[in-house]
Amino acid sequence: MKTLGLILIIAGIAMIVIRGFSVTTQKKVVDLGPVEINKKENKWIGWPTYAGGIVAVVGVVLVLGARKK
């Protein structure tokens, strides 16, 4: 449980610092035999800042809980 707690603490801090990331997707608009028109779209995948805090707090609870045993 201590290892999982440390991983959650690191992930929580990373979620606070990095608030999300952008993904580029390619979508086919027109396909007329040999002629093909594609469109690139940027999508933002993000999470609220407090989610990182919650993950970090859960990690601290797991680390402290593992110490008591």
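Among the residues of segment 16-37, those identified as open to solvent by 70 Å² or more (accessible area, probe 1.4 Å) and more than 13 Å from the chain's Cα centre (by Cα) are Thr24, Gln26, Lys27, Lys28, Val29, Asp31, Leu32, Pro34, Val35, Glu36, Ile37.
The combined condition, being open to solvent by less than 70 Å² (accessible area, probe 1.4 Å), among the hydrophobic types (A, V, I, L, M, F, W, C) and within 20 Å of the chain's Cα centre (by Cα), is not fulfilled by Ala66. Report whether or not Asn42 is surrounded by 10 or more Cβ atoms within 10 Å (Cβ to Cβ) and not in a helix (DSSP H, G or I). When the stated conditions are applied, Asn42 does not pass them.
The values are calculated or read from the model by the stated rules, or taken from the named source; none is laboratory data. Predicted model only: the values in this text are computed from it and were never measured. As a convention, Cβ positions derive from the backbone with ideal geometry for all residues, glycine included, and neighbour counts pool all protein chains shown. Areas reflect the complete protein model, heavy atoms only, side chains present, ligands, DNA and RNA absent. Shrake-Rupley method; radii C 1.70, N 1.55, O 1.52, S 1.80 Å.
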